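Step one of this worksheet: look at the structure below.
The values are calculated or read from the model by the stated rules, or taken from the named source; none is laboratory data. Only a predicted model underlies this, so the values are computations on that prediction, with no experimental measurement involved. Note: ideal-geometry Cβ built from the backbone for every residue, glycine included; neighbour counts use all protein chains shown.
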Amino acid sequence: MIDHVTFGVTDFARSTAFYDRAFAPLGVKRLFDLPADQSDGVKVCGYGDDRPWFWLAEENATTGMLHIALQARCRADVDAFHAAALRAGGIDNGPPGLRPHYHADYYGAFVLDPDGHNIEAVCHGAPD
């Protein structure tokens, strides 16, 4: 079981602005901020629902394309995530839709974040 994941980012302000907006439709919000003057010169923040589990740090930018998928409650939330992420500056990497090669009810959408990481929202249930 994964407890949390941390991405090093190239531009902290740009990345937090993206994730603040892109994650909102999924009920994921910024829960923790640690300014650079309180953490050895590194800005850090954590996103989650009831606790932070997705972290950004302004150091050691993660290289190569990573993929993370967040579970959505319904297909409408997948659609809302995709739209919000594009409005926040993300790049479409697969519009909302069924991916039956995974399983019959796999409904997902993919965007690239400001550093090029593949962020997905997925619903595994039947239509809303």
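Per-residue answers, yes or no, for (1) under 22 Å from D3 (Cβ atoms); (2) among the charged types (D, E, K, R):
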{"residue": "A24", "(1), (2)": "no, no"}
{"residue": "A36", "(1), (2)": "no, no"}
{"residue": "G41", "(1), (2)": "no, no"}
{"residue": "V44", "(1), (2)": "yes, no"}
{"residue": "W53", "(1), (2)": "yes, no"}
{"residue": "N60", "(1), (2)": "yes, no"}
{"residue": "T63", "(1), (2)": "no, no"}
{"residue": "L70", "(1), (2)": "yes, no"}
{"residue": "D77", "(1), (2)": "no, yes"}
### Message
So D92 ticks every box in (1) in a strand (DSSP E or B); (2) buried (at least 19 other Cβ atoms within 10 Å of the Cβ); (3) among the acidic types (D, E) but one. Which box is left unticked?
### Response
(2)
### Task
Taking the residues in the range 12-22 that are among the aliphatic types (A, V, I, L, M) and surrounded by 14 or more Cβ atoms within 10 Å (Cβ to Cβ) as candidates, determine which candidate is farthest from I2 (Cα to Cα).
A17
### Within the range 1-66, strands (runs of 3 or more DSSP E) holding 2 or more residues that are among the aliphatic types (A, V, I, L, M), more than 17 Å from G116 (Cβ to Cβ) and in contact with a strand residue (DSSP E or B) (Cβ under 7 Å, 6 or more places away or on another chain)
29-34
## Note on the structure
With the first residue restricted to the range 46-58 and required to be modelled with pLDDT of 95 or more, and the second required to be of a type in the set (K, R), Cβ contacts under 7 Å at 6 or more apart or on different chains are Y47/K29; Y47/R30
